[in-house]
Amino acid sequence: QVQLVESGGGLVQPGGSLRLSCAASGMIFSSYAMGWYRQAPGKQRDLVARISNLGGTNYADSVKGRFTISRDNAKNTVYLQMNSLKPEDTAIYYCYTFMYGNNYWGQGTQVTVSS
């Protein structure tokens, strides 16, 4: 059974940094693309960043140059390094993968950017 467990969220001041982690189990991690999505109150869940099984990345325009997605296949973990955080980055961040026609989501981790 695929499980994705996020950690690393919290409260940070504008301009600050956080690193989110997502530990995966129940899957051959190195074979699949992984993604981070976020959902702010009253808004839809949107893609933030994605990393392919080979390490290719793509980002939402709103986070380009500030966020970096990476993966450690030895640890079955995907990371999201978030720098220069803004209040509009406040959301619940979800780890995501897609396998055999199914979507898999983590439980989410709250990121709040506020002074």
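The values are calculated or read from the model by the stated rules, or taken from the named source; none is laboratory data. For clarity, every value in this text was computed on a predicted model and none was experimentally measured. Glycine also receives a Cβ, built like all others from the backbone with ideal geometry; neighbour counts cover every protein chain displayed. To get the accessible areas, we keep the full protein, side chains included, count just its heavy atoms, and leave off ligands, DNA and RNA. Shrake-Rupley method; radii C 1.70, N 1.55, O 1.52, S 1.80 Å.
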#### Entry: Sequence-separation-based contact order of the chain, relative, with Cα cut under 8 Å and 6+ spacing, percent
36 percent
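Looking at the range 44-79, which trypsin sites (Lys or Arg not before Pro) are in a loop (DSSP not H, G, I, E or B) and have at most 12 other Cβ atoms within 10 Å?
Numbers: sites: Arg45, Arg50, Lys64, Arg66, Arg71, Lys75; in loops: Arg45, Lys64, Arg66, Lys75.
Here the trypsin sites (Lys or Arg not before Pro) that fit, given the DSSP loop and packing criteria, are Lys64, Lys75.
Let's test the formula: R0 of 22 Å, r as the Cβ-Cβ distance of Thr112 and Gln1. What FRET efficiency results, to the nearest 0.05? Intermediate results must be reported in sequence, preceding the final value.
Values: r = 31 Å, r/R0 = 1.40.
Rounded to the nearest 0.05, the efficiency is 0.10.
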#### Entry: Surface accessible to a 1.4 Å probe, Ser7 within the full protein complex, Å²
60 Å²
### Task
State the extension gain, in nm to one decimal, for the chain segment bounded by Ser17 and Lys43, taking 0.36 nm per residue of separation less the distance between their alpha-carbons.
7.0 nm
### Message
Once R0 is set to 22 Å, what does the formula 1/(1 + (r/R0)^6) return for the Cβ-Cβ distance between Met99 and Ala60, expressed as a FRET efficiency to the nearest 0.05?
### Response
0.45
### Nonlocal amide H pairs with Arg71, under 5 Å, H built at 1.01 Å
Tyr79
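Find the Rg to Rh ratio for the chain, where Rh is the Kirkwood radius over alpha-carbon pairs and Rg uses the same atoms.
Working: Rg = 13.4 Å, Rh = 14.1 Å.
Taking Rg over the Kirkwood Rh, I get 0.95.
Loop-only chymotrypsin sites (Phe, Trp or Tyr not before Pro) in the range 1-103, please: DSSP not H, G, I, E or B, and at most 12 other Cβ atoms within 10 Å.
Numbers: sites: Phe29, Tyr32, Trp36, Tyr37, Tyr59, Phe67, Tyr79, Tyr93, Tyr94, Tyr96, Phe98, Tyr100; in loops: Tyr32, Tyr100.
Qualifying residues, ordered by number: Tyr100.
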